[in-house]
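One structure is given below, encoded as structure tokens.
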Amino acid sequence: MKEENMGVSEEEETSGIGHFPDNEDLIVTSVEMLRKPKHRYQIAFGPYQMTVHEDVMLKYRLLKGNVFRKEELQEIIVADERQRAYVEALNHLSRKPRTAKEISQRLQQKGFEQNSVETTLERLEKDNLVDDALYAKMWAEQRMTSHKKGRLWVKQELRQKGIGTELISEALGEISADAELESALTVGRKKWQQTHGELLDRKRKTGAYLMRRGFGGEQVRQVLKLLIEEDQ
């Protein structure tokens, strides 16, 4: 067995066609749809077999009676991996929007080659299915207005998601200081009402709570001042 594999490249072995004969015409003898995974077909060239996605099968006309060479099948294998990567990315996006970094990480975890990952991201961006700028704006608005998180919290979240500094600044710039202050006041008021004891102790607990939610020092001071005024 080892002697038979001598001279076979790692790429060919990984693709599943390393054992196919070189410099010979390979005639498709059967095309069979697989039950699992969906949309995949088993293509037989006599005793040799490979599997491809339905779209790839149709694009390259892997139909019964057609003839191919091994080097042509190697090109098809690359196209098939890229198609599988694209389908995996679409499935990942079907649950919720993702950033380019999140898609890249997912595909790498699934074992796709870097070239396939990059090609998939380019295709998704071209189809407007991945848009980090839009994602950052939507995320910032949702987190700061609906979830009442501060600017610093959201900034850190977007960094972890792979959003660039410039896009983060643009996204946060669309949220007004008044809107952020209103969010801070809403959650600060709730915390204030839950605390008891001396005034300084209530200020310390409420202030620390707001800081943990990502609100800046100046906003925290404004909120505490307003809460004290409301009490009085």
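The values are calculated or read from the model by the stated rules, or taken from the named source; none is laboratory data. The structure displayed is predicted, hence computed values, not measured ones. Every residue, glycine among them, receives a Cβ derived from its backbone with ideal geometry; neighbour counts consider all protein chains shown. The accessibility values were calculated without ligands, DNA or RNA, using every heavy atom of the protein model including side chains. Shrake-Rupley method; radii C 1.70, N 1.55, O 1.52, S 1.80 Å.
Here is how the numbers come out for the structure above:
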{"read-out": "Residue match in segment 151-172 (condition: of a type in the set (Gly, Ala, Ser), at pLDDT 95 or above and closer than 24 Å to Tyr209 by Cα)", "value": "no"}
{"read-out": "Subset tally (residues that are farther than 20 Å from Asp22 by Cα and either surrounded by 18 or more Cβ atoms within 10 Å (Cβ to Cβ) or not hydrophobic (A, V, I, L, M, F, W, C) (or both)) for segment 53-63", "value": "7"}
{"read-out": "Subset of segment 197-232 [over 21 Å from Val154 (Cα atoms), in a helix (DSSP H, G or I) and not basic (Lys, Arg)]", "value": "Leu199, Leu200, Asp201, Leu224, Leu226, Leu227, Ile228, Glu229, Glu230, Asp231"}
{"read-out": "Top-ranked residue in segment 89-113 [being basic (Lys, Arg) and outside any helix (DSSP H, G or I); ranked as surrounded by the fewest Cβ atoms within 10 Å (Cβ to Cβ)]", "value": "Lys96"}
{"read-out": "Meets criteria (under 28 Å from Ala136 (Cβ atoms), modelled with pLDDT of 95 or more and either of a type in the set (Asp, Glu) or open to solvent by 70 Å² or more (accessible area, probe 1.4 Å) (or both)) for Arg212", "value": "yes"}
{"read-out": "Flag for Glu118 being assigned by the TED database to the domain that holds Arg82, out of contact with any Lys or Arg (no Cβ under 6 Å at 6 or more places or on another chain) and not hydroxyl-bearing (Ser, Thr, Tyr)", "value": "yes"}
{"read-out": "Of the criteria (1) of a type outside the set (S, T, N, Q); (2) outside any strand (DSSP E or B); (3) at pLDDT 90 or above; (4) open to solvent by less than 60 Å² (accessible area, probe 1.4 Å), which one Ile43 fails", "value": "(2)"}
{"read-out": "Criterion (within 24 Å of Ile163 (Cβ to Cβ) and not basic (Lys, Arg)) met by exactly one of Glu113, Glu75, Glu125", "value": "Glu125"}
{"read-out": "Test: residue in segment 195-207 that is under 16 Å from His147 (Cβ atoms) and basic (Lys, Arg)", "value": "no"}
